Amino acid sequence: MTIDEVKKRFHEIGIIPVVAIDDAKDAEPLGRALMQGGLPAAEVTFRTAAAEETIRTMAQKFPDMLVGAGTVLTTEQADRAIAAGAKFIVSPGLNPEVVQYVQSKGVPMTPGIATASEVEQAISLGLDFVKFFPAEAMGGLKTIKALAGPYNHMVFMPTGGVNTANVEEYLKSDLIVCCGGTWMVKKDLINGGKFDEIEKICADAAAVVRKVRG
Ligand code: 3PG
């Protein structure tokens, strides 16, 4: 997929679950819960050893799901994510080496930024879409609006501290492609096998997207 195709899907889905899975056996039931809950996407973070296998399983079992990798800090992790079937790569910060490497592989990359200088670095790498991380700690939508003043072609994926209380406000802004977050896929729910509950929280989140964006 091209970056524009991924961006379009991100916008349609609206909320991208940030998934940290400890045991890859949970990948299939979790993927099913996300699909049935109406959030057919996952940013599977490389913070856990099961990330690669989780991406592979979700990509194989759910071909319509937009499965990508998060917390990709090295080119080696990028290689593993892409080989496993990741359709996009996300990082919490902006490492030009990793961004250029992923771009050279023809895979969409969305690095994290939090300052004007980092936005300019993103622009110099040919990007117009970045993650804003950690969103709430860095001032939330107010900061995004301020950053978008001088860089008015940039759009954002806020992640970090986004939850049911503030997601609607983010989604209402034209500057927001989608929000990322863990609130619908909490570790205790995954580890406890509570996939019905995950599906319900996803359905509630998807309803907010529909309410705001129609
Ligand atoms: C991330 O991994 O991108 C964030 O840590 C997710 O943040 P949240 O847990 O506050 O949603």
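Data for the structure
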| quantity | calculated |
| --- | --- |
| Proximal lysine pairs, segment 73-214, alpha carbons under 27 Å, eight or more residues apart or interchain | 29 |
| Two-decimal log10 I(q)/I(0) for segment 64-214, as the Debye equation yields it once each C-alpha is a single scatterer, q = 0.15, 0.18 Å⁻¹ | -0.84, -1.14 |
| Nearest-20 debye value, segment 1-55 charge dipole, Cβ charges on Lys, Arg, Asp, Glu | 200 debye |
| Alpha-carbon centroids, segment 137-214 and segment 56-134: separation in whole Å | 18 Å |
| Local electrostatic count at K142 - Lys and Arg +1, Asp and Glu -1, tallied over other residues with Cβ under 14 Å | 0 |
| Amide H contacts of V90 (H built 1.01 Å from N, under 5 Å, at least 5 apart or other chain) | A69, G70, T71, V72, T110 |
| Net dipole in debye of segment 117-214 [+1 Lys, Arg Cβ; -1 Asp, Glu Cβ; about Cα centre; nearest 20] | 160 debye |
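Only the coordinates and a few stated rules stand behind these numbers; no lab work does. No experiment lies behind these values; they were computed from the predicted model shown. Positions of Cβ are generated from backbone atoms using ideal geometry, with glycine treated the same way; all protein chains shown enter the neighbour counts.
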